[in-house]
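K.L.:
Quick one: the structure is below, questions incoming.
The values are calculated or read from the model by the stated rules, or taken from the named source; none is laboratory data. What you are looking at is a predicted structure, and each value in this text was computed from that prediction instead of being measured. Glycine also receives a Cβ, built like all others from the backbone with ideal geometry; neighbour counts cover every protein chain displayed. With ligands, DNA and RNA removed, areas are computed over all heavy atoms of the protein, side chains included. Shrake-Rupley method; radii C 1.70, N 1.55, O 1.52, S 1.80 Å.
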Amino acid sequence: MSTRTLVRGGLVVTAADEIHADVLIEDGRVVALAAHGSDTAAGWTADRTLDATDRYVLPGGVDAHTHMELPFGGTFASDTFETGTRAAAWGGTTTIVDFAVQTVGQGLREGLDAWYAKADGVCAIDYAFHMILSDVNEYTLKEMDRLVQEGITSFKLFMAYPGVFYSDDGRILRAMQRSAENGGLIMMHAENGIAIDVLVEQALARGETDPRYHGEVRKALLEAEATHRAIQLARVAGAPLYVVHVSAEEAVAEITTARDKGLPVFGETCPQYLFLSTDNLAEPGFEGAKYVCSTPLRPREHQAALWRGLRGNDLQVVSTDHCPFCFTGQKDLGRGDFSKIPNGLPGVENRMDLLHQAVVDGHISRRRWIEIACATPARMFGLYPKKGTIAPGADADLVIYDPHARQTLSAATHHMNVDYSAYEGRTVTGRVETVLSRGELVIDQREYVGRAGHGTFVPRSTCQYLD
Ligand SMILES: [Zn+2]
């Protein structure tokens, strides 16, 4: 039995176009678009019609950087795949790409299988995986090839967190050389973790233990230095590079220089770097712990460079790096020692709205909003045009968005499994009204009607900017 849904009367916004069109969906896919009131649309019969008058019809968001249930600093990120994907849907995101973790001493296979198991049967929306490489060796390099075949086509390495995720330059180079051969994309956490750890030790010895020192020791220059080094290593290896969570103006400059040379270097930033700053880290008492993440929040002045980078395409993607830890019971672990505060912020539910606010504020255009939040992450990670756009043949992952509704972001009303909001009390214009995942309603006019297990694993092709 095929089901047909008609989304009628909206403004369809994609990275390429803004068109007043009705969208016909059949068997979970978009089959056609037609001008409002056209004979074609009038002749379409549907089992269900959704009214999108005065609304935007958007492709579902693609959040290419989440960490559900991530083990970190002796605890786990507080959103499970079940709660985190439900919250994502509430925020208009219909695909996440999460990071499976290789533990040192284990193969990639064990880590990946553990992540398949965590996500299996519980997700509200579709999901895919990147692989975190914590231990680059002959065996894991071979495993990378197999993972690319399996649809895990990107690998994250860390220049920070010595003793946990850290890889030295030699290991990074080897992984990059391998990815140049097998088509994988290396994603880099670019901070000089060896130098940072020295500064952490010195700060703690001086009695500087408050959350704000987290931002002071993780210096912008050490992000820029690592970004520069990662780019040079990628050049030597002849590999493309994607730098995750870029926060410092100086790091954006390194990426801009590389791109001006025509190198395949890409940059991602996150809403927290665009909307929050070291002012938040310096909030009184222990409040600043809510904003501890790495790379850290920067002084406000860096934000202009990030917006400029997004407008000029030196930065291409906005993901969340969603990695929530409760203020009570988790962030607490770092009272009296900022280095023990679990690193991460909640945000998977807020990204589409915050970026719409950026449209309202004039930072980016409406189409650029969809480009950095839907289309480019889909292309970057081999999901396009199944995900990231509204076109015949695409998965019917659609958001009906009310661009005029006002809402106040708050832990009291959000759906993420965390006891605070990084944006508490902030009022934004625009709100998700209805969400479809492969043609099935997940959110129906601000009511959750989805189900755990609807979301399926999506194997990915290689980066679509390198063909
Ligand atoms: Zn991350």
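K.L.:
What number in nm² do you get for the range 414-467 if you take the convex hull of its Cα atoms and divide its surface by four?
P.N.:
Numbers: hull surface 27.2 nm².
Projected area, direction-averaged: 6.8 nm².
K.L.:
Where nothing but the Cβ of Lys and Arg (+1) and of Asp and Glu (-1) is charged, how large is the charge dipole of the range 1-99 around its Cα centre, in debye to the nearest 20? List each step's numbers first, then the result.
P.N.:
Working: 6 positive and 14 negative charges, 27 e Å.
Dipole of the range 1-99, to the nearest 20 debye: 140 debye.
K.L.:
Another question, then. What part of the accessible area of the range 46-139, given as a whole %, is carbon or sulfur when the probe is 1.4 angstrom? Mind dumping the intermediate values first?
P.N.:
Details: 1380 of 2770 Å².
C and S atoms contribute 50 percent here.
K.L.:
Fully extended, how many nm does the chain gain between THR209 and LYS118 (0.36 nm per residue separation, minus their Cα-Cα distance)? Show your work: numbers first, answer last.
P.N.:
Working: separation 91, 0.36 × 91 = 32.76 nm, distance 3.51 nm.
Extra length from THR209 to LYS118 when fully extended: 29.2 nm.
K.L.:
Where both residues lie in the chain, what percent of DSSP beta bridges are antiparallel, nearest 5? Numbers along the way, then the final one.
P.N.:
Values: 33 of 69 bridges.
Looking only at bridges with both residues in the chain, the antiparallel portion is about 50 percent.
K.L.:
Suppose only helical runs count, i.e. DSSP H with n ≥ 4. What mean residue ellipticity at 222 nm does that imply for the chain under -39500 (n - 2.57) per run, divided by all residues and rounded to the nearest 500 deg cm²/dmol? Before the final figure, lay out each step's value.
P.N.:
Values: 15 runs with 142 residues, N = 467.
Computed mean residue ellipticity for the chain: -9000 deg cm²/dmol.
K.L.:
Just to confirm my numbers, what's the Cα centroid distance between the range 241-284 and the range 208-227 in Å?
P.N.:
Each part reduced to its Cα centre gives a spacing of 14 Å.
K.L.:
Let me ask something else about it. With a 1.4 Å probe and every protein chain kept in, tell me what percent of the accessible surface of the range 274-356 is carbon plus sulfur. Numbers along the way, then the final one.
P.N.:
Details: 1150 of 2370 Å².
On the range 274-356, the fraction of accessible area on carbon and sulfur atoms equals 49 percent.
K.L.:
Tell me the label-point distance for the pair PHE457, ALA32, using the 7 Å Cα-to-Cβ offset, in nm and rounded to one decimal.
P.N.:
About 3.7 nm, to one decimal.
K.L.:
Each label point is 7 Å from the Cα along the Cα-to-Cβ direction; what then is the distance between the points at ALA253 and THR53, in nm?
P.N.:
The modelled label-to-label distance comes out at 5.4 nm.
K.L.:
Turning to a different aspect of this structure: Taking only C-alpha pairs under 8 Å that are 6+ residues apart, what is the relative contact order of the chain in percent? Intermediate results must be reported in sequence, preceding the final value.
P.N.:
Values: 1141 pairs, mean separation 102.3, N = 467.
Relative contact order, the chain: 22 percent.
K.L.:
How far is it, in nm, from the label point at GLU447 to the one at LEU221 when both lie 7 Å from their Cα along the line to the Cβ?
P.N.:
Each label point lies 7 Å from its Cα, and together they span 5.9 nm.
K.L.:
I would also like to ask the following. Tell me, how many Å apart are the Cα centres for the range 298-370 and for the range 40-83?
P.N.:
So the separation of the two Cα centres works out to 18 Å.
K.L.:
Same structure again: Taking trypsin sites (Lys or Arg not before Pro) as exposed when DSSP calls them loop (any state but H, G, I, E, B) and at most 11 other Cβ atoms lie within 10 Å, what is the longest stretch of the chain free of them, the sites themselves excluded?
P.N.:
On the way: sites that count: ARG206, LYS261, ARG300.
Of all site-free stretches, the longest is 1-205.
K.L.:
Same structure again: So, taking all protein chains as they sit and a 1.4 Å probe, how much accessible area belongs to PHE266, in Å² rounded to tens?
P.N.:
We get 20 Å² for PHE266.
K.L.:
With the full set of protein chains in place, find how many percent of the accessible area of the range 392-467 is carbon and sulfur; take the probe as 1.4 Å.
P.N.:
Reported share for carbon and sulfur atoms: 44 percent.
K.L.:
Would you work out if the range 206-311 is rounded, prolate or oblate? Take a ≥ b ≥ c from the square roots of the eigenvalues of the alpha-carbon gyration tensor; rounded if a/c is under 1.5, else prolate when a/b is larger than b/c, oblate otherwise.
P.N.:
Prolate, because a/c is 1.5 or more and a/b exceeds b/c.
K.L.:
Apply the a/c threshold of 1.5 to the C-alpha gyration tensor of the chain and tell me whether it is rounded, prolate or oblate. Walk me through the numbers before you get to the answer.
P.N.:
Details: a/c = 1.70, a/b = 1.42, b/c = 1.20.
Prolate.
K.L.:
Right, here's the next one. On a full-extension model of 0.36 nm per residue, what is the gain between LEU263 and VAL164, subtracting their alpha-carbon distance, rounded to one decimal in nm? Before the final figure, lay out the partial values.
P.N.:
Values: separation 99, 0.36 × 99 = 35.64 nm, distance 3.01 nm.
Here the answer is 32.6 nm.
K.L.:
Given a 1.4 angstrom probe, what's the average accessible area per residue across the chain, in square angstrom?
P.N.:
Roughly 35 Å² per residue, with all protein chains present.
K.L.:
Do you know the relative contact order of the range 259-401, to the nearest whole percent, from alpha carbon pairs under 8 angstrom that are 6+ apart?
P.N.:
Working: 178 pairs, mean separation 29.5, N = 143.
Here the relative contact order equals 21 percent.
K.L.:
If you don't mind, another one. Set Lys and Arg Cβ to +1 and Asp and Glu Cβ to -1, take the dipole of the chain about its Cα centre, and tell me which of VAL148, VAL292, THR320 lies farthest positive.
P.N.:
VAL148
K.L.:
Now a separate question. Once fully extended, how much extra length lies between GLN202 and GLU150, figured as 0.36 nm per residue of separation less the alpha-carbon to alpha-carbon distance? Walk me through the intermediate numbers first.
P.N.:
Values: separation 52, 0.36 × 52 = 18.72 nm, distance 4.48 nm.
Working it through step by step, the gained length comes to 14.2 nm.
K.L.:
May I ask you to list the lysines whose Cα is less than 29 Å away from that of LYS340, ignoring any residue fewer than eight positions away on the same chain?
P.N.:
Within the straight-line cut-off, LYS340 pairs with LYS118, LYS156, LYS219, LYS290, LYS331.
K.L.:
Hey, another quick one. Any idea what the dipole of the range 140-214 comes to, in debye rounded to 20, about its Cα centre with Lys/Arg Cβ at +1 and Asp/Glu Cβ at -1?
P.N.:
Details: 8 positive and 11 negative charges, 36 e Å.
Computed charge dipole of the range 140-214: roughly 180 debye.
K.L.:
Let me ask something additional. Please give the residues of the range 280-298, grouped as numeric ranges, whose backbone N is less than 19 Å from a label point set 7 Å along the Cα-to-Cβ vector of PHE76.
P.N.:
In the range 280-298, the label zone of PHE76 (backbone N under 19 Å from the point 7 Å along Cα→Cβ) covers no residue.
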